[in-house]
1. Mind counting the residues in the range 272-288 that are assigned to a loop (DSSP other than H, G, I, E, B), closer than 24 Å to MET1 by Cβ and in contact with a Phe, Trp or Tyr (Cβ under 9 Å, 6 or more places away or on another chain)?
2. Quick test for you: out of THR171, THR95, THR176, pick the one residue that is touching a helix residue (DSSP H, G or I) at 6+ places or on another chain (Cβ under 9 Å), touching a residue at least 40 places away in the same chain (Cβ under 8 Å) and either crowded, with 19+ Cβ neighbours inside 10 Å or not hydrophobic (A, V, I, L, M, F, W, C) (or both).
3. Starting from residues that are touching an Asp or Glu at 6+ places or on another chain (Cβ under 9 Å) and at pLDDT 95 or above, keep the ones in the range 33-58 and report whichever is nearest to the ligand (Cβ to nearest atom).
4. Anything in the range 229-265 that is of a type in the set (Asp, Glu) and in contact with a helix residue (DSSP H, G or I) (Cβ under 9 Å, 6 or more places away or on another chain)? List them, or say none.
5. Please state which one of ARG115, ARG17, ARG28 is in contact with a His (Cβ under 7 Å, 6 or more places away or on another chain), at pLDDT 95 or above and more than 16 Å from the ligand (Cβ to nearest atom).
6. I'd like to check which helices (runs of 4 or more DSSP H) are fully inside the range 1-84 and have at least 2 residues that are over 18 Å from the mean Cα position of the chain (by Cα) and crowded, with 18+ Cβ neighbours inside 10 Å.
7. Going through the range 229-267 one residue at a time, which ones are among the small types (Gly, Ala, Ser) and either on the phi > 0 side of the Ramachandran plot or surrounded by 13 or more Cβ atoms within 10 Å (Cβ to Cβ) (or both)?
8. If you go through the range 215-244 one residue at a time, how many are in a loop (DSSP other than H, G, I, E, B) and in contact with a Leu (Cβ under 8 Å, 6 or more places away or on another chain)?
Amino acid sequence: MAYVRKDAGTLTADEKRRFVNALLEIKRRGEYDEFVRIHIAHYASDGERGLRTAHMAPSFLPWHRRFLLDLESALRRVDSSVTLPYWDWTRDRTTTSTPWTADLLGGNGRRSDHRVMTGPFAHHEGNWNIKVSVTEGEFLTRDLGRRSASIDLPTKSDLEWALKEIEYDVTPWDSTVTRGFRNRLEGWGTGRGSASWRNHNRVHRWVGGAMLTSASVNDPVFWLHHAFVDLQWHQWQRRHRGARYLPATPPGSGDAQHGRVVARQERLPPWDVTPAELEDVGRIYRYA
Ligand SMILES: [Cu+2]
């Protein structure tokens, strides 16, 4: 039987408590920091050489889908009733609504150093020391809405701009493409300033702090955000029946993207799985 991932705003008090406790337990065991390490290790951008798997590439969606499944398995080994909730940022749009409550992820960082002071992941609670990172500081940081230069969360129509795309991705399969569902959802835009941050990327900017870096996994909102991004892939498939992951075959040896992107039937590191195998996970979980 497939299990259900729920909207974070609909969780009962008991479901929130169990989800938080499972996160704290895998953090205590050292498993959580392994996820942070993997995400940092797979952060390759357009400007670098070699294969791009997790970002600025078609496999952005299957890579994070598999990454979420691994985290969810770790949580379910602690408490089999737990599933990943998702944060619908088109609906819960304020700095005090879901998921920023004391019984879930805690609230905004304080002004001076953006240190999160409330909820289960506040440093003084003693359960959430940042150990693997790319910046200094052992405490979790957030700057919701970016107080110094305010930015809004993406809207339903921003998501619609991505969902209406007929093709999954387009050549050259990187952060510069302006068409295709994948980058319109991943959100690398043209131009300068906050207008160039769309959908998925814009949410990382809006949360700020740890979420701005390749160590974004240090903020548990990473999982709730990416579960909602994952849900969008599912919605896009439902709307465009028969549309598949692209590229179907690897770019040829004369192509600048040769060896840089993962094709539909190719292995997606660090796992022994292909994008094709991750296109339909309806037997594992579904969204409510
Ligand atoms: Cu990522």
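The values are calculated or read from the model by the stated rules, or taken from the named source; none is laboratory data. Bear in mind that the values here come from a model prediction, so they are computed numbers and not experimental data. Cβ: placed from backbone, ideal geometry, glycine included. Neighbour counts: every protein chain shown.
1. 2
2. When all the criteria are applied, what remains is THR176.
3. HIS55
4. Hit for the range 229-265 is ASP230, nothing else.
5. Numbers: ARG17 fails: in contact with a His (Cβ under 7 Å, 6 or more places away or on another chain); ARG28 fails: in contact with a His (Cβ under 7 Å, 6 or more places away or on another chain).
Criteria check complete, one pass: ARG115.
6. Correct list: 13-28.
7. GLY242, ALA243, GLY259, ALA263
8. Looking only at that region, the number is 2.
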